[in-house]
Every structure is written in structure tokens, then in C-alpha cells.
1. Please list, ordered by first then second residue, the pairs with beta carbon atoms under 7 Å, 6 or more apart or interchain, first in segment 169-191 and closer than 24 Å to H259 by Cα, second among the charged types (D, E, K, R) and buried (at least 21 other Cβ atoms within 10 Å of the Cβ).
2. Could you please give the count of residues in segment 224-272 that are near the ligand (Cβ under 8 Å from one of its atoms) and among the aromatic types (F, W, Y)?
3. Does V240 satisfy being among the hydrophobic types (A, V, I, L, M, F, W, C) and free of Cβ contacts under 8 Å to residues at least 60 places away in the same chain?
4. Based on what the data block shows, is A156 surrounded by fewer than 22 Cβ atoms within 10 Å (Cβ to Cβ), more than 16 Å from the ligand (Cβ to nearest atom) and in contact (Cβ under 8 Å) with a residue 12 or more places away in the chain?
5. In contact (Cβ under 8 Å) with a residue 24 or more places away in the chain, more than 30 Å from N157 (Cα to Cα) and surrounded by fewer than 24 Cβ atoms within 10 Å (Cβ to Cβ) - does that describe any residue in segment 311-318?
6. If you check E350, E295, which single one turns out to be closer than 28 Å to L215 by Cβ and touching a strand residue (DSSP E or B) at 6+ places or on another chain (Cβ under 6 Å)?
7. Out of the residues in segment 197-237 that are touching a residue at least 60 places away in the same chain (Cβ under 8 Å) and part of a loop (DSSP other than H, G, I, E, B), which is surrounded by the most Cβ atoms within 10 Å (Cβ to Cβ)?
8. Checking N10 against (1) in contact with a helix residue (DSSP H, G or I) (Cβ under 7 Å, 6 or more places away or on another chain); (2) free of Cβ contacts under 8 Å to residues at least 24 places away in the same chain; (3) part of a helix (DSSP H, G or I), which test does it fail?
Amino acid sequence: MDARNIGLRNIEVADTKICSIDGENGKLIYRGYDILDLVKNSTFEETAYLLLFGDLPDSSQLADFTRRLREARGLPDPLIKALKSRPRRAHPMDVLQSCVSELADYDLNNEDQTKEANVRRAIVLISKVPAIIAAWNRIRNGLHVVDHLDEGSHAANFLYMLRGSEPTSEEAKILDVCLIIHAEHSFNASTFAAREIASTRAHMYASISGAVGALSGELHGGANIQVMKMLLEIGDPSNVDKWVYERLQAGGRIMGMGHAVYRTTDPRADVLSRLSRAISTQKGNKWYEMTRRVEEATKRYFSENKKQAIYPNVDLYSASVYYSMGIPMDLNTPIFAISRVAGWSAHVIEEKFAEAAPKPALYRPKAVYVGKYCGPMGCEYTPMASRNKQSG
Ligand SMILES: CC(C)(COP(=O)(O)OP(=O)(O)OC[C@H]1O[C@@H](n2cnc3c(N)ncnc32)[C@H](O)[C@@H]1OP(=O)(O)O)[C@@H](O)C(=O)NCCC(=O)NCCS
């Protein structure tokens, strides 16, 4: 097959009104709005509304949406009980994936496949994903589960449920910005997984739990955990150059660098780099400085040895931001999910209810068969006794 199309690269599979990316110029647009504008002026709640409904809300629409999010935030008691019975070593992404699929059990109307019912499910998922992650982190540390607050932002509520104490307004704002910039990214692997599952007419919970599984991989959402592990292993800014060069010379990858779509800096990396610098300066730690050196060393190695450019992606600087906020490292990818669930659900709804032609259809790509071939009639079945004789 054409190598340019491997991994579905360069293949258009659907129309979407949710997001566009200009990879050459480093622009990311949600429903027509530049994310840099949203970062400056919006909140995660407003951005989630924009993604789900297609337009920015007026004040009463936003108040109603925020109320619905707040009302949906609590977790069913049996789900908390089930969490308490899991081995404490369970990975938060595995826990999240199974809890999302379990939420279907508590949806008394899961047969209702109208658009309104799916929007309601999207709101439930946006609300409950952070509650699940916070609850699991407390349970695995032997702490009691903390109920949400009746006020405060989505970001502030997550930090409160995680720590059991209210975050500062600066911390809540930093997380809010992170949630805005991770909320949507067109047909990335996890979103495509969600849409592919939705195309079979499976329900919202099945689609979103599949997306969580796809996000967990280290070439996708799992990269930010690998970035933090890398920084910890490097240990000191003065070791960065040597470490990066040795890793690349050995054919390894530098996590947080490179992107399948951007041919310049990922605009989200710019925002996160500023946040990382601010928080590292405030805390007096080395993580921003080390990350910046990783970026520079990787770029230098690529230009010297591969004669090609490479740029940071969203995961490079998010790692140090979360670490500096005292968030456990293995929650980096789950935090990505807290935000991306807004984009995933918008895509599931678009997949199921697209109005204009060409409407989405069941995904069924073609593969090029390159396996065993015994002629047009196929291979002759060999009985077990003769196969045993041949191998014996
Ligand atoms: C994200 C990623 C999979 C996109 O890759 P892509 O555009 O499809 O490019 P490829 O994987 O085909 O790589 C192209 C070349 O650049 C190299 N490359 C790309 N990203 C690299 C990285 N982070 N470190 C080292 N080399 C890298 C590849 O080894 C390959 O080199 P080759 O042509 O000599 O074989 C890739 O950049 C990567 O693995 N990055 C690290 C993981 C990561 O940060 N993921 C989060 C993405 S948001």
C-alpha cells in the first residue's frame, strides 16, 4: 500500500464542524474560535458548551449548563463501592475506562438514542470523569472520597475532590487553561476511536470508554507521563544535552516532541510553556528549565543529524505544570481525559446526528492482504496428524 497512507495519514474519513487544525501555521480552531482567544477569554465550561452545542452560550445558557454539570457530578454509591474493591495498583486510566463503561448501568434510559439524550449523557460524562479520577486517587491512597462543592469552576472542583481542600484561584485558573487547550483536537487517535465505535450505533458510554483506552497509549495521551519520567531520570538541567543526544543516537524517541499534524510549534505547547515557566518560577523548581533544554537539544540534534525540524507538542510542558502543582504523575493522562471528554462527546453526537450529506457511515477501511497465498483456491487444509508428522 501507499506508505503515505499508513495509519490513515492523508485519508479524509468524514466532514466535521467541530475543529480545524492548520498544521503548517500552528493554528487550532474550535467551532471557528482560535484556542488562543479561548485561553485568554473563556473557561472550560464555556468551551465545553461551545464544542457540544456549536456556539458560545449567552449568560443564561451558561448558567444552565454549569448547573447541569454540577448536578451530575456525584458518583453512584455502587460505583464507589466497586472502586474500593479494586487492587490499589490499578492504573487510573484502566480504572477510568471501566468506570465509564459501568456508567451505562446507571443510565435508566440508555435505549433512548435521541440527540437530547446523548447531550444529557455528554454532560453526565464531562461531570463524572473528574469525580471518578479524584475518587480513585483518594481510595488508592486510603483516603475517604470527597464530595464536590456546590460552587466553583469545573477545574477547582476537580482539585478539591482530589485533595480534600480548596485550591488557590491561581491553581484553579492554571488547570482551567489546561482543560481548555486539551478539550478537542479533531480526528486524533482517541477521537477517531470514539467515532468509529459510535459509527456502529454503539452507545455513548461504549464510545467514550474506547476513547479512554486509545488515549492511554504512550504515543498519544500517555506521552506526558513519559515526559515527566524522562525529566526525573535526567535529574538536572546540566545533564539534558547528553541524555537527549544519547537517547536519539540509540534510535529512541523524545516524548513530547514531534506531531503527526503540526509542522511548526503546537500552539498548545506555547501556552503550556508559559504556564510551566510561571509555575516553576513561583515554586523555585527546575522543571521548566529542564523541559526547555530538552526542547532545544532535540531541535538541535534533528537539525544537525536529520536535516529536518521537530517541534514540541502539547505533552512536553504539561508534564512539568502538573508535577509542579503536586498532581501525581500517573494522573497526567487522566487529566487529559477530563478535558478531552468534551471533544469526544461532541464528536460522538456529530457522528450519530450529522445533518448534511455526506453523512457518516460505519467505518470499514480496506487492508492490503500480504499474508500466505496458495493460489486462487486458497490453501489446502492439512489434518492435525500430518502437521504433527511434518513438525516432528
Ligand atoms: C507523535 C508522533 C507519533 C508523530 O509522528 P509522525 O509525524 O507520524 O512521524 P513519525 O513517527 O513517522 O516520525 C518521523 C520521523 O521523525 C522521528 N521522530 C518523530 N518524533 C520523534 C520524537 N519525538 N523523538 C525522536 N524521533 C522522532 C521518527 O523517528 C521518524 O524518523 P525516521 O524518518 O528517521 O524514521 C511522533 O512525533 C512521536 O512519537 N512523538 C513522541 C510521542 C509524543 O510526544 N506523543 C504525543 C503526541 S501529541
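Coordinate-derived values only; no laboratory data. Keep in mind that what you see is a predicted model, and the values were worked out from it rather than measured. A quick note on method: Cβ atoms are made from the backbone with ideal geometry, for glycine too, and the neighbour counts reach across all protein chains shown.
1. I181/R268; H182/R340; A183/R340; S190/R340
2. 0
3. yes
4. It is true that A156 is surrounded by fewer than 22 Cβ atoms within 10 Å (Cβ to Cβ), more than 16 Å from the ligand (Cβ to nearest atom) and in contact (Cβ under 8 Å) with a residue 12 or more places away in the chain.
5. The answer is yes, given that some residue of segment 311-318 is in contact (Cβ under 8 Å) with a residue 24 or more places away in the chain, more than 30 Å from N157 (Cα to Cα) and surrounded by fewer than 24 Cβ atoms within 10 Å (Cβ to Cβ).
6. Being closer than 28 Å to L215 by Cβ and touching a strand residue (DSSP E or B) at 6+ places or on another chain (Cβ under 6 Å) holds for just one of E350, E295, which is E295.
7. The extreme case among them is G221.
8. The single condition N10 does not satisfy is (3).
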